[in-house]
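The values are calculated or read from the model by the stated rules, or taken from the named source; none is laboratory data. Computed from a predicted structure; not experimentally measured. Note that each Cβ is placed from the backbone with ideal geometry, even for glycine, and that neighbours are counted across all protein chains shown. The accessibility values were calculated without ligands, DNA or RNA, using every heavy atom of the protein model including side chains. Shrake-Rupley method; radii C 1.70, N 1.55, O 1.52, S 1.80 Å.
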Amino acid sequence: MHIFDSVQKTKRKFTPLKEANATLYVCGPTVYDDAHLGHAKSALVFDLLTRVLEANGYTVTYARNITDIDDKIIKKAIEQKKNIKEITDFYTDAFHTEMQAIGVKRPTLEPKATQSLEAMYALIQQLLDKGHAYKTANGDVYFDTASDAKYLSLSHRIQNEEDKQERIESSSFKRNSADFALWKSVKDDSVTFDSPFGAGRPGWHLECSAMIEKHLAYKNREFAIDIHGGGADLLFPHHENEAAQTRCATNHALANYWMHNGFVNIDGEKMSKSLGNSFFLKDALKEHDGEVLRFYLLSTHYRSDFNFNTEDLMHSKKRLDRLYRLKKRLFGLAKNEEDTAFTKSLLKSLNDDMNVSTALALIDEMISNANETLDTAGKHKQLKRDTMANLTYIETLLGFGLKNPYEYFQFGVDSATKEQIDTLIAKRNEAKKAKDFALSDSIRNEILAFNVNLMDTPQGTFWEKI
RNA sequence: GGUGCCAUCGCCAAGUGGUAAGGCCGCAGCCUGCAAAGCUGCUAUCCCCAGUUCAAAUCUGGGUGGCACCUCCA
C-alpha cells in the first residue's frame, strides 16, 4: 500500500520497520470539552487506516493519547467547581461513547498524560544532559531549538529573523523565540506535579514524545514508529517540536511516515464557538445515525478540507441507503469466502493512500450489478452468496452496513409512532385488497406525514424514515 | 509579510501525460393500480492566457479567484 507522507510531500510505499507489524500514533483529544466534528474526522481517518493496514495483513499497534493535563482543563474545573479528574473522566467517557457511535474502534493503547509523567521526566533529563534543553531563572525548562540543526525540517519553515528578535525582547527567559517549554514551573497552589525540575506542569509537545518512547518505540531502529498522524494544524508547531525532542533525546527519529488529515468546516465557516452547538458530535448524533455521519465524513479524501453541511449529508445518506436496501434483499443469507474480484479491487483503491472516492464508486457499481441480477434472476444462489461476502467485506474494511437494515431505516422513530405506522399500513393493505385505491392512497398520505417513505414489495409493505 | 494547498457537470467528488469514475438533483423508459424502491438510457472537455509534447484536466510560466498554517486547536 501507498500513503502520502506530508513531510516528504509525496506518496510513498508503506514499508514497516518490523515485518508484518505497523505502529501508529495519533494525537488524541484534550479532554476539557465535547468532541466536535473535527475530532470525529481525525478519529475516522485513522480508524480507516488501521482497518486498511489490517486488511493488508499487518498487526497494527495503534496508540492515541488522552491529554488530561492542560490549562484549559484547569480553567474548566475552576468554572464548574469540580476537580480535574471529574472533568477529564467525564469528557473521556463522552469521547468514547461518541466514537463508538460512529464506528471508530478503540485503539490498542490510550495512554494518558497523567500516567506518563515519569517518561516525560526522563526525556527532559536526556535533553538537558545532551545540551538540547536549558533551565531558566524562573524554573522553566525550555527546548533549545538552536541546538537542533534539523529543527523546522518537518514543516519546511524558514526562521523569520525579524520575528525572532521581536519576541526575544518580550520574553526574557527564552534564548530564542522558537524555543518551547518542556516544563513549566508553577508556584501557585493550582494543579502541579513534583518533578526533578521542581513543581510545575509539562509542556504539551513533550507528552506525545514521551508516550511514544514509553509505549510504542522500537529501541534500535532508525525511527521510533512507523506512522505518526494528526490534524493538519498539528504539523507546526506540535509535530515539529515532538520530532525535535525525540530526535535530540534518543538515538532515533520519531516517525517514518507522517500523515495529516484535512480540516472540517461548517457551512463554509471555520468551526468556532460562535457557531453554537452545530459542530459538536453529540448534537449531530441526535439528528443523524452515527453510521451516516461516518459515511459522510469519510466520503471525501482524508487530506482535503471537508465542508460539513446538512444538505450534503442527506445526499450522502441516500448513497448509504442503497447499500442497506441491498442488504435488506439478502438479509439472513449465507455467504461465500470474502475473496472476489470486487473485494480485491476495493482493497486496491484503499491501498492507494485511502482513495475512498474510488472505493465508493466500486461499491455503487457492485450494488447496481447485484440489484440488476437480483431483479432478473432472483434465484441466483451463487451471486447472492458472493454479494453477501462483498457486503461483509465492506463492513470490516470500511465500517459501513453493520446495522440491521430494518432498524437502520427507522432511526429516530419512537415505538409509539412505529405502532401507528404499522396500524395504518395494515388498514391500507386491506383497502388495497378491496381495490379501494382512493382510500389506500389517502392512508398512504397519512403515513407519509410521519416523514417516512412507503414501499410495496413482494415480501410485504415496508417503510423507511426519510 | 513568510510557508503551503486548491480551482473538474446545478451540488458533492475521483482521475494528475493518452483522449473526463461515482453519488445527489433533473429528463425519458421498464416495473407498479398509482407510487416508492430497483433497473436501463441521457446530461461536463476540466477558472483564464501562453508554452512543452505526437498527445495535457493532468507538466512549465504568467494571471484571476478561494483557503490553510505561521498563537491554543483534530
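In the stretch A:360-392, how many residues are polar (S, T, N, Q) and either in contact with an Asp or Glu (Cβ under 8 Å, 6 or more places away or on another chain) or closer than 22 Å to A:T300 by Cα (or both)?
First, pick out the residues of the stretch A:360-392 that are polar (S, T, N, Q): A:368-369, A:371, A:373, A:376, A:382, A:387, A:390, A:392.
Narrowing further to those that are either in contact with an Asp or Glu (Cβ under 8 Å, 6 or more places away or on another chain) or closer than 22 Å to A:T300 by Cα (or both): A:368, A:390, A:392.
Within the stretch A:360-392, residues that are polar (S, T, N, Q) and either in contact with an Asp or Glu (Cβ under 8 Å, 6 or more places away or on another chain) or closer than 22 Å to A:T300 by Cα (or both) number 3.
Please go through the stretch A:50-59 and pick out each residue that is open to solvent by 20 Å² or more (accessible area, probe 1.4 Å) and among the hydrophobic types (A, V, I, L, M, F, W, C).
Once the filter is applied, which keeps residues that are open to solvent by 20 Å² or more (accessible area, probe 1.4 Å) and among the hydrophobic types (A, V, I, L, M, F, W, C), the stretch A:50-59 yields only A:A55.
Can you find even one residue in the stretch A:134-154 that is under 24 Å from A:G231 (Cβ atoms), in a helix (DSSP H, G or I) and small (G, A, S)?
Scanning the stretch A:134-154 turns up no residue that is under 24 Å from A:G231 (Cβ atoms), in a helix (DSSP H, G or I) and small (G, A, S).
Mind listing just one residue for me: the one in the stretch A:353-366 that is among the charged types (D, E, K, R) and over 14 Å from A:R51 (Cα atoms) and, of those, farthest from RNA strand B (Cβ to nearest atom)? Before you say what the answer is, go through the steps one by one.
Start the filter on the stretch A:353-366 by keeping residues that are among the charged types (D, E, K, R), which leaves A:353, A:364-365.
Keeping just the survivors that are over 14 Å from A:R51 (Cα atoms) gives A:364-365.
Numbers: A:D364: 3, A:E365: 6 Å.
Out of the qualifying residues, it is A:E365.
For residues that are at positive phi and within 15 Å of RNA strand B (Cβ to nearest atom), tally how many sit in the stretch A:4-46.
Step one: filter the stretch A:4-46 for residues at positive phi, giving A:9, A:20.
Filter again for within 15 Å of RNA strand B (Cβ to nearest atom), leaving A:9.
So the count comes out to 1.
Restricting the search to the stretch A:192-235, which residues are within 16 Å of RNA strand B (Cβ to nearest atom) and of a type in the set (D, E, K, R)? Full working, then the answer.
Taking the stretch A:192-235 and keeping what is within 16 Å of RNA strand B (Cβ to nearest atom), we get A:201-212, A:227-235.
Listed by number, the residues that qualify are A:R201, A:E207, A:D233.
Checking A:R167 against (1) open to solvent by 40 Å² or more (accessible area, probe 1.4 Å); (2) modelled with pLDDT under 90; (3) touching a helix residue (DSSP H, G or I) at 6+ places or on another chain (Cβ under 7 Å): exactly one of these is not met. Which one?
Here A:R167 clears every test but (3).
Between A:N429, A:N390, A:N369, which is more than 11 Å from RNA strand B (Cβ to nearest atom), of a type in the set (S, T, N, Q) and surrounded by 13 or more Cβ atoms within 10 Å (Cβ to Cβ)? First the steps, then the outcome.
Numbers: A:N429 fails: more than 11 Å from RNA strand B (Cβ to nearest atom); A:N369 fails: more than 11 Å from RNA strand B (Cβ to nearest atom).
Exactly one of A:N429, A:N390, A:N369 is more than 11 Å from RNA strand B (Cβ to nearest atom), of a type in the set (S, T, N, Q) and surrounded by 13 or more Cβ atoms within 10 Å (Cβ to Cβ), namely A:N390.
Where residues in the stretch A:358-381 are of a type in the set (D, E, K, R) and assigned to a helix (DSSP H, G or I), which of them is nearest to A:S316 (Cα to Cα)?
Step by step, filter the stretch A:358-381, then rank; the result is A:D364.
For the stretch A:303-332, give me the residue count where each residue is among the hydroxyl-bearing types (S, T, Y), more than 8 Å from RNA strand B (Cβ to nearest atom) and modelled with pLDDT under 95.
1
Look through A:L297, A:L293, A:L313 and report the one residue that is without any contact (Cβ under 8 Å) to a residue 40 or more places away in the chain and assigned to a helix (DSSP H, G or I).
Numbers: A:L297 fails: without any contact (Cβ under 8 Å) to a residue 40 or more places away in the chain; A:L293 fails: without any contact (Cβ under 8 Å) to a residue 40 or more places away in the chain.
So the residue among A:L297, A:L293, A:L313 that is without any contact (Cβ under 8 Å) to a residue 40 or more places away in the chain and assigned to a helix (DSSP H, G or I) is A:L313.
Among the numbered criteria (1) in contact (Cβ under 8 Å) with a residue 60 or more places away in the chain; (2) more than 14 Å from RNA strand B (Cβ to nearest atom); (3) outside any loop (DSSP other than H, G, I, E, B); (4) open to solvent by 50 Å² or more (accessible area, probe 1.4 Å), which single criterion is violated by A:A416?
(1)
Can you tell me which of (1) under 30 Å from A:R12 (Cα atoms); (2) in contact (Cβ under 8 Å) with a residue 24 or more places away in the chain; (3) assigned to a helix (DSSP H, G or I) is the one A:L323 doesn't meet?
Unmet for A:L323, out of (1) under 30 Å from A:R12 (Cα atoms); (2) in contact (Cβ under 8 Å) with a residue 24 or more places away in the chain; (3) assigned to a helix (DSSP H, G or I): (1).
Checking the structure you have, find out if any residue of the stretch A:173-181 is open to solvent by less than 50 Å² (accessible area, probe 1.4 Å), in the same structural domain as A:G28 (by TED's automatic domain parsing), at pLDDT 95 or above and within 22 Å of A:T30 (Cα to Cα).
Within the stretch A:173-181, none of the residues are open to solvent by less than 50 Å² (accessible area, probe 1.4 Å), in the same structural domain as A:G28 (by TED's automatic domain parsing), at pLDDT 95 or above and within 22 Å of A:T30 (Cα to Cα).
Check A:W463 against each of (1) surrounded by 19 or more Cβ atoms within 10 Å (Cβ to Cβ); (2) in a helix (DSSP H, G or I); (3) in contact with a strand residue (DSSP E or B) (Cβ under 7 Å, 6 or more places away or on another chain) and name the one condition it does not meet.
(2)
Looking only at the stretch A:28-49, which residues are out of contact with any helix residue (DSSP H, G or I) (no Cβ under 7 Å at 6 or more places or on another chain) and open to solvent by less than 10 Å² (accessible area, probe 1.4 Å)?
If the condition is that a residue be out of contact with any helix residue (DSSP H, G or I) (no Cβ under 7 Å at 6 or more places or on another chain) and open to solvent by less than 10 Å² (accessible area, probe 1.4 Å), then A:V45, A:F46, A:D47, A:L49 are the ones that fit.
Among A:D47, A:D70, A:D93, which is more than 14 Å from the chain's Cα centre (by Cα) and at pLDDT 95 or above?
A:D93
Could you say whether any residue in the stretch A:110-129 is within 16 Å of RNA strand B (Cβ to nearest atom) and in contact with a Gly (Cβ under 8 Å, 6 or more places away or on another chain)?
yes
Go through (1) within 15 Å of RNA strand B (Cβ to nearest atom); (2) modelled with pLDDT of 95 or more one by one and return the number of the condition A:H132 breaks.
Among (1) within 15 Å of RNA strand B (Cβ to nearest atom); (2) modelled with pLDDT of 95 or more, the lone unmet condition for A:H132 is (1).
Quick one: which residue in A:L439, A:L397 is in a helix (DSSP H, G or I), surrounded by 12 or more Cβ atoms within 10 Å (Cβ to Cβ) and in the same structural domain as A:T343 (by TED's automatic domain parsing)?
A:L397
With the structure loaded, tell me whether A:K403 is modelled with pLDDT of 95 or more and more than 9 Å from RNA strand B (Cβ to nearest atom) or whether it fails that test. Give the steps one after another, and end with the answer.
On the way: modelled with pLDDT of 95 or more: yes; more than 9 Å from RNA strand B (Cβ to nearest atom): yes.
Considered against the rule, which asks whether it is modelled with pLDDT of 95 or more and more than 9 Å from RNA strand B (Cβ to nearest atom), A:K403 comes out as yes.
Could you grab me the full set of residues in the stretch A:336-352 that are touching a residue at least 40 places away in the same chain (Cβ under 8 Å), surrounded by fewer than 20 Cβ atoms within 10 Å (Cβ to Cβ) and under 22 Å from A:L297 (Cα atoms)?
Selection gives A:L347, A:N351, A:D352.
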